[in-house]
Amino acid sequence: MKKSLLKVVLFALFVLFLATACQSPDSPPPSSMETHSPIQTSSVEQPSAAEPDPSSQGRTLTLAIGGESSDGYDPTLGWGRYGSPLFQSTLLRRDADLNIVNDLATKYTVSEDRLVWTVDIRTDARFSDGQPLTARDVAFTYNQAAKSGGLTDLSILDQAIAVDEDTVELRLKQPASTFVNRLISLGIVPEHAYGEGYARKPIGSGPYQLVQWDEGQQLIVEPNPYYYGEKPQFDRIVFLFTSEDAAFAAAKAGQVQVVSVPPALGKQTLAGMHVLPVQSIDNRGIMFPYVPDTGEKDEEGNPIGNNVTSDLAIRRAINYVIDRKALVEGVLEGFGAPAYGPADFVPWWEPESAIQDADPQTAQQILQEGGWQDTNGDGILEKGDLQASFTLVYPASDSTRQSLALAVADMVKAIGIQIELRGASWDEIETLMHSNAVLFGWGSHDQTEMYNLYHSSMRGNGWYNTGFYANEQVDTYLDLAMGAPSEEEALVYWRAAQWDKKGVGFTAKGDAAWAWLVNLQHVFFVSDCLDVGKQQIQPHGHGWPITYNITEWKWTCK
């Protein structure tokens, strides 16, 4: 697709930002618990308290960065699952370079059989109501999250037990190297103050406490006076929940200090503010139904399989002909990067899975070798009685995905593949996603997402592996990764599942189960007087990922 046409598409369709339909990941089936002894230890110095910056005292920040949670702010139901719950603190956290460091935990050990995680917690933590945070609160939080079955997936947890005031055991049903991500993302709630209504009036041990929430309008927070970590530099933060147009207008008027904007607005200028593009693994890609249509249906009666996209030559040719850089420039206005997998740029990414794309010659050769020819001269390839034509579904409410879908359809047309586009609601997509290509978006700091998208055991499980992808060797790599002793030791297997350099992988060089397209940059305008510190590679846009280091934010003007 010509860049100019892409721009026409873009301007015709105003970009919505940060929309998706992520569901909670499920975990592998349980196994029995065994005896253990500690073998893995992590111990990091606690953060030191800092004196407030005088220039920030008494100052209110106003942010228009979206992220209102209609379900409230209960971590046991899913709040904070992408990290940074703000009101609550977590056992561990990721720093700016995604390294795992302690938060509430002072150290943790993992048993030799990797079934028991023993966590020592700091003894000076208090909730915002002044009550001490103990191991009992940690155990309660984990057991409650497992029981609730919310978006924070703890189905792998067998039981959490408080051993003493500052030690908790998290006992698993089976080993999982990714369990460390639960320690990073699950905010701890107070047993004494938890109950119906908690989600709308949360009490936690995080840096800020919620003081007022006018749903659909604003949310006001103030520092938690008992917070054990670095003291926040601002006395009040107001989160505005308003339309993108209204938020941008407020920024123009100097009424907000941070505003998130769609890429289309990223090249504008605002007096007193600078643009801050933040790299993310918030990606967009096309999921292909991997199996042919044999008449099989899921439990709800929705059809499974597609005779065109189940052909490897079709999937690989599409991957090679797509010009990802043109998508970034034309649809995202340059605020993004080409995507070749579900987790580009993070430590568990396999860089050699990337391909040389925008290559119609290779794509045509793949199709020819796969038996696809234009036998009737209508510009669309055939293979026997089958036409190289299928439907790509996208959420009609998301104009970025619509623009990407239009551009891809134009690109593949040049090699004789016809894509019919269909905008639909998420409810409709749920009935179509096993038999039609879908333009999805993912992106997490938790490797479990990769497992859920590609392991055969997850075929048809909610929104995961909706194309019914299955490869026995990929399953083996994913299982080895999940069962590895640590996140570090699992890396080699996560990478091999993408491309093992021997001919196996779920990415374009292998089974090409998806055609990943772009990784978004999250675009913000930030006051010239505000230093938001070093931003980490952000996950998918739920919540407020830019606030992960809120205690480091400083006002730099007099």
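The values are calculated or read from the model by the stated rules, or taken from the named source; none is laboratory data. Keep in mind that this is a model prediction, so the values were computed, not measured. No Cβ is skipped: glycine too gets one built from the backbone with ideal geometry, and neighbour counts run over all protein chains shown. When the accessible area is computed, the model is the full protein with side chains, heavy atoms only, and any ligands, DNA or RNA have been set aside. Shrake-Rupley method; radii C 1.70, N 1.55, O 1.52, S 1.80 Å.
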Problem set entry | Considering residues of the stretch 465-491 that are among the β-branched types (Val, Ile, Thr) and out of contact with any helix residue (DSSP H, G or I) (no Cβ under 8 Å at 6 or more places or on another chain) only, the residue surrounded by the fewest Cβ atoms within 10 Å (Cβ to Cβ) | THR476
Exercise. Of all residues in the stretch 238-287, how many are assigned to a strand (DSSP E or B) and out of contact with any Asp or Glu (no Cβ under 8 Å at 6 or more places or on another chain)?
Worked result: 16
Problem set entry | Subset of the stretch 275-290 that is open to solvent by 40 Å² or more (accessible area, probe 1.4 Å) and touching a Gly at 6+ places or on another chain (Cβ under 6 Å) - its residue that is nearest to TRP442 (Cα to Cα) | TYR290
For this session: Can you work out which of the residues in the stretch 233-269 that are closer than 24 Å to GLN218 by Cβ, under 25 Å from the mean Cα position of the chain (by Cα) and small (Gly, Ala, Ser) is most open to solvent (accessible area, probe 1.4 Å)?
Result: SER243
Exercise. Looking at GLY305, is it on the phi > 0 side of the Ramachandran plot and open to solvent by less than 10 Å² (accessible area, probe 1.4 Å)?
Worked result: yes
Exercise. Does VAL393 satisfy the criteria of being touching a Gly at 6+ places or on another chain (Cβ under 7 Å) and either within 30 Å of ILE100 (Cα to Cα) or buried (at least 20 other Cβ atoms within 10 Å of the Cβ) (or both)?
Worked result: no
For this session: Looking only at the stretch 465-487, decide whether some residue is closer than 17 Å to GLU350 by Cα, in a strand (DSSP E or B) and of a type in the set (A, V, I, L, M, F, W, C).
Result: no
Exercise. Checking GLY272 against (1) under 23 Å from the mean Cα position of the chain (by Cα); (2) open to solvent by 10 Å² or more (accessible area, probe 1.4 Å), which test does it fail?
Worked result: (1)
Exercise. Can you name the condition, by its number, that VAL518 falls short on among (1) open to solvent by less than 10 Å² (accessible area, probe 1.4 Å); (2) assigned to a loop (DSSP other than H, G, I, E, B)?
Worked result: (2)
Exercise. Quick one: how many residues across the stretch 453-462 are surrounded by fewer than 22 Cβ atoms within 10 Å (Cβ to Cβ) and touching a strand residue (DSSP E or B) at 6+ places or on another chain (Cβ under 9 Å)?
Worked result: 0
Exercise. Between a first residue in the stretch 300-325 that is free of Cβ contacts under 8 Å to residues at least 40 places away in the same chain and more than 17 Å from LEU367 (Cβ to Cβ) and a second residue that is in a helix (DSSP H, G or I) and open to solvent by 10 Å² or more (accessible area, probe 1.4 Å), which pairs have beta carbons less than 9 Å apart while being 6 or more apart in sequence or on different chains?
Worked result: GLY301/THR431
Exercise. Scanning for something under 26 Å from PRO539 (Cβ atoms), in a strand (DSSP E or B) and open to solvent by 10 Å² or more (accessible area, probe 1.4 Å), does the stretch 182-205 turn up at least one residue?
Worked result: no
Problem set entry | Subset of the stretch 89-107 [within 14 Å of ARG182 (Cα to Cα) and open to solvent by less than 20 Å² (accessible area, probe 1.4 Å)] | SER89, THR90, LEU91, LEU92, ARG94, ASN102, ASP103, LEU104, ALA105
Problem set entry | Residues of the stretch 521-550 satisfying the condition of being open to solvent by 10 Å² or more (accessible area, probe 1.4 Å), out of contact with any Gly (no Cβ under 8 Å at 6 or more places or on another chain) and part of a helix (DSSP H, G or I) | none
Exercise. Failed condition for GLY216, given (1) touching a residue at least 12 places away in the same chain (Cβ under 8 Å); (2) surrounded by fewer than 16 Cβ atoms within 10 Å (Cβ to Cβ); (3) in a helix (DSSP H, G or I); (4) of a type outside the set (Phe, Trp, Tyr), with all others met?
Worked result: (3)
Problem set entry | All positions within the stretch 497-513 that are outside any loop (DSSP other than H, G, I, E, B) and either surrounded by fewer than 22 Cβ atoms within 10 Å (Cβ to Cβ) or touching a Ser or Thr at 6+ places or on another chain (Cβ under 8 Å) (or both) | GLN498
Problem set entry | Residue that is open to solvent by 40 Å² or more (accessible area, probe 1.4 Å) and assigned to a loop (DSSP other than H, G, I, E, B), where the choices are ASP129, ASP158 | ASP129
